[in-house]
1. Quick check on chain A: helices-only [θ] at 222 nm, where DSSP H runs of length 4 and up contribute -39,500 (n - 2.57) each and the sum goes over total residues. Nearest 500, please.
2. Tell me which residues come under 5 Å, amide H to amide H, from B:ASN829 once H is placed; ignore anything under 5 positions away on its chain.
3. So what is the relative contact order for chain A, in percent, with contacts set as C-alpha pairs under 8 Å and at least six apart?
4. Rank A:PRO236, A:PRO225, A:PRO271 by mean-square fluctuation in a GNM of chain A with C-alpha springs under 10 angstrom and give only the top-ranked residue.
5. In segment A:141-241, what is the count of Lys pairs whose alpha carbons are under 23 Å apart, counting only pairs at least 8 residues apart or on separate chains?
6. What shape does chain A take by its C-alpha gyration tensor, where a ≥ b ≥ c are the square roots of the eigenvalues and a/c under 1.5 counts as rounded, a/b above b/c as prolate, and the rest as oblate?
7. Taking just the alpha-carbon atoms of segment A:180-309, what radius of gyration and Dmax come out, in angstrom?
8. Return the ratio Rg/(2.2 N^0.38 Å) for segment B:211-261, where Rg is computed over Cα atoms only.
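The values are calculated or read from the model by the stated rules, or taken from the named source; none is laboratory data. None of these values were measured; they are calculated from a predicted model. Every residue, glycine as well, gets a Cβ built from its backbone with ideal geometry; the counts of neighbours run over all protein chains shown. Calculation scope for accessible area: heavy atoms of the full protein, side chains included, ligands and nucleic acids excluded. Shrake-Rupley method; radii C 1.70, N 1.55, O 1.52, S 1.80 Å.
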Amino acid sequence: MAKLGPGQGLGCEAAVGLLAPSRKREYKACNKLTEGKRPLYAIGFNFLDFHYYEVFATVGGNRVTTYSCLKDGNFAILQAYIDEDKDESFYTLSWACDLDGTPLLVAAGSNGIIRVINCATEKLLKTFVGHGDSINEIRTQALKPSLIISASKDESVRLWNVHTGICILIFAGAGGHRNEVLSVDFHPSDIYRIASCGMDNTVKIWSMKEFWPYVEQSFTWTDLPSKFPTKYVQFPVLVAVVHSNYVDCTRWLGDFILSKSVDNEIVLWEPKTKEQSPGEGSIDILQKYPVPECDIWFIKFSCDFHFNQLAIGNREGKVFVWEVQSSPPVLTARLTNPQCKSAIRQTAVSFDGSTILACSEDGSIWRWDEVDHPKA
Amino acid sequence: MASSSSKASDSSSQRPKRPDQGPSGKDAAGLVALHGKLAQLKRQVQSTRLAAIKERVEANRKALQVHTCALFDVAAAAEVASRGAEGGNALSRGAAEGHRRFVGWDSASGPGERELVHVQEENLVAGTLVLSSSGGSGASHRTVVQLVKLPVVDKIPPYTTWIFLDKNQRMADDQSVGRRRIYYDPIVNEALICSESDDDVPEPEEEKHVFTEGEDQLIWKATQDHGLSREVLNVLCQFVDATPSEIEERSEVLFEKYEKQSQSSYKTDLQLFLDKTMDVALDSFDNLFCRRCLVFDCRLHGCSQNLVFPSEKQPYGHELDENKRPCGDQCYLRRREVYQDTCNDDRNACTTYNMDSRSSSLKVSATILSESEDSNRDEDNIKSTSIVETSRSKITNSEYADKSVTPPPGDASETENVSPDMPLRTLGRRKISKHASKSNDHSPDKRQKIYSSPFPFAMSVLNKQSVPEIGETCPDSIESAVDQLPSLDDPNKKISTKDMCAGSTTNTTENTLRDNNNNLFISNKEHSISHWSALERDLYLKGIEIFGKNSCLIARNLLSGLKTCMEVASYMYNNGAAMAKRPLSGKSILGDFAEAEQGYMEQDLVARTRICRRKGRARKLKYTWKSAGHPTVRKRIGDGKQWYTQYNPCGCQQMCGKDCACVENGTCCEKYCGCSKSCKNRFRGCHCAKSQCRSRQCPCFAASRECDPDVCRNCWVSCGDGSLGEPLARGDGYQCGNMKLLLKQQQRILLGKSDVAGWGAFIKNPVNRNDYLGEYTGELISHREADKRGKIYDRANSSFLFDLNEQYVLDAYRKGDKLKFANHSSNPNCYAKVMLVAGDHRVGIYAKDRIEASEELFYDYRYGPDQAPAWARRPEGSKKDEASVSHHRAHKVAR
């Protein structure tokens, strides 16, 4: 399968954002919480249910913790789950929903085992064993929040149904990733589409249109999950070489893709695919969002519900907030704190962008609140 | 088109081209101006680009906003639903209960310089999480949360997602790990770059600059205003990241493009399929069809294999036979009879009546048969006329054709039933032979008409001819009828073409009758030969090669729908003198043969040069197993003969000599080689009967080959139990025991957690010593690739490389079967053996001893002593000797 590189030269330039903060929105650090000494790899708000918009979760070590972001700038700890395997190290989490709307929290990590926790009953709901190695990211399909997708070191991406516990599809094989898959994301509106990226320096766009009957089937499956006819999706729709090193985070921004490598920047590009002939198409790099000192891998960014604000941390504990959908990109703010020095692995932006959370390598959670936010 | 291109060249010559002129003052000033202009243009292009981006981002934003708003509605609906269900806002409620809440620090109290410090403490014994906060206004809080335990789940041994292969595959071009692969070692926290250790990698070709639209604009503008002088090129180089020669080239392209646009003359090159030669038409066949696996797009042998043409042609199954039955009513045999009959027409005239009636009655008794024959004939007719152009000349000659060419669709059945309105002199004549068989309801006056026609004997001869042979040709006609079934769907077309044909045939017959006997073929030739397209000619030549000079078979099998047998025959019998007049379209038979012969010679030459080229490359790379001398990467090897050589079919047309690729490589010639069966280098298979080819007495077994039903005398494959009428197995149910890989007669293997390490392969049913268990499949990769991959695999201490032969290594890492998980043991219950199966080396896993059901399978990976990891190192002492003994024996076997 042909790998596609971006066009270069006059007329293909990207709009590069300036690092001067516009100060349109002012943030100030208002809280810090230290969970422990182990690095926190993921943090995320629950955007699936209006009730829980202020609820977020973190993972680090063998622990999964849920908090509430209080309006006064404090945190309230809600629940804590601990894996009995002390060696487990969770790398990722994602909120999901059962068919009846029960809030579920999905977490996975070095053991390659996906834990589905029912937060309403505070009980482990399901455990998915199947990945051959550690899991680097899990995402939830917002349109069908009982579908989750996982990216693993075993070079595959798998689609699961948390309701029935079925592994529906495996995206791997002849056209699959050639090294660890580090990040994966559902297209926000095209339910068939996903993007994945990894240590093979590529971003792959996959379509499950032809396999959708299996997804439908997974909701009504009553037999043992292991008997489900799991299918391999071996060929992506497009293979993009936008970066020259590990690609550790990718997110859809509408029909465009945001992705980052270890080159101190996030890149927004447009994949032009051809429905009739998979593998063909072109790539157009549109915008670049510089992020200084962001040259280590496994640093992920996040957006608010409406994809207006993007927050990303860096190696030195600074957070850059970009107005992601303006052209050329505008840096909203640079969030710093003298005490926040260790690498920030993941951020979480609240529903309206008024609160930004960051979890860092030293095991602490940082909170910045917008000053004079109309809602606050 | 011609005018436009001439215009283009005209104007291009007018363009100011001053490559040799030095920069005069005026030019220099012009260049400065150009520089400015280009800079401005560049800015313009860039700002246009930014504006375009802005537009697209904005459009995308709007679309996304619509979507997120919809999503929000969904979330809100979910909230309503959950509230209604009283299922509880479990998370928020927990927060609202207050005891878990701490209010330590009022964010409004100051600018927030004094942060609170919250510290958590896990109390695993108590199963609680204590969160204490201090600082701020001095207040200190403690929150206690019960830890919910997630019970331990057994994790599975690590593996990389792999794809099942039931047959080895050659590595696809894009599957190489590449020049630079970074391996991340999580333990040492070290990134390891597995780049090429050797420098003999050809540098990637200088990437050709792809010009963007903006750059095109710059170039176009500059060359329009200032011509294409060196100075202009230099200036352009400052703006465009390309070499001057590339820019110059591009400007030519642009010039042609814009010129063309202004002329708005687009060439419509609709090419008829028939205009292509067979080589072109068969290109994809030659390139994509694997002659060894008989599949398209073979994953094992790859595309663009050397075409090997066997020197021994199959004997033509059907020799030209004077007593042959005509293949249809467009058969050349008929015409010959016509020709003969003109000499003694009087005598025939009276006999035909009887003959005809006899034929009718006979045919009635065998309706089905004759019907099938009819369809056969119809088919031939369709063939002859589907190329309208070909037949048109004939049709226009025929006075009746005009009417029958365009029968209204509704008339189809009417035509079938031979309505009296139709011009029956031609149609009816045909119908007689056809419908006499179906029913005898033809009105006598119709016959009358026919017999009153100027050539009654021709028809009667036709029928007479078919009567005696009808019995013996039944199977044939049925067969052909079945073959042609698909084309019977369209009665309209069929009938019209049939009628058309009948018309043209009559006409030609008429002509021939009118003409002198000597002119018979020549006159006909005038019609047909001029319309032989290149493809038809190639097909014809292929037909000569396959069937010999049998126009019936050629027309039916290769030119069906294109040419009738008669046309083929007349083409065949044309002598060179007439053909010489049309050097483009026609050649004498002799000439054709000579050409064909020459063609094959050339192809052979091409094949050979390809081989040579490949060899050359291989020599240049010098990266076979031996020369590489790579002791570093671990690869499993099989028992038995130590090193195998990859077999590639040779294309020798004569006996294989020193030049033979097989001889040179040290491999035997196989059935896929071009050389004759009597080639001295051929492996002749075995003659074993009762031994079942299970011991070294069988030459195949001794040479680590599986028996081949095509080669060995008594090894053959029977299918079924005879209930379907297939021939029974020969030799008292004897079945060769040395074709298990070929026939995929493998055992059921189970995958499970090994008792030793990681995953393991287990056998489901008990097996006996030396039983075949299954194949170790994988990707076929080069030794070079294996070294690159091996470095990474060895780091991960998990390698699925298996040395196959001097050219290939099997890698089961991403693609393979369950047997790849069989673990190593120095005291194993299985052994791996490389077998040559139909020219391919394959790895079979065999039982070393009797193995009971659900036992784990082990075999000796036989890693070299210097690359073996600790777990695969041979224990000191007796084992070592045993290994060397088996080695030694293996060598003996090979001889």
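1. Taken over chain A, the calculation gives -500 deg cm²/dmol.
2. Amide H neighbours of B:ASN829: B:PHE858.
3. So the answer I get is 19 percent.
4. Greatest mean-square fluctuation among the candidates belongs to A:PRO225.
5. Count of close lysine pairs: 9.
6. Because a/c hits 1.5 or more and a/b fails to exceed b/c, chain A counts as oblate.
7. 16.1, 52
8. 0.99
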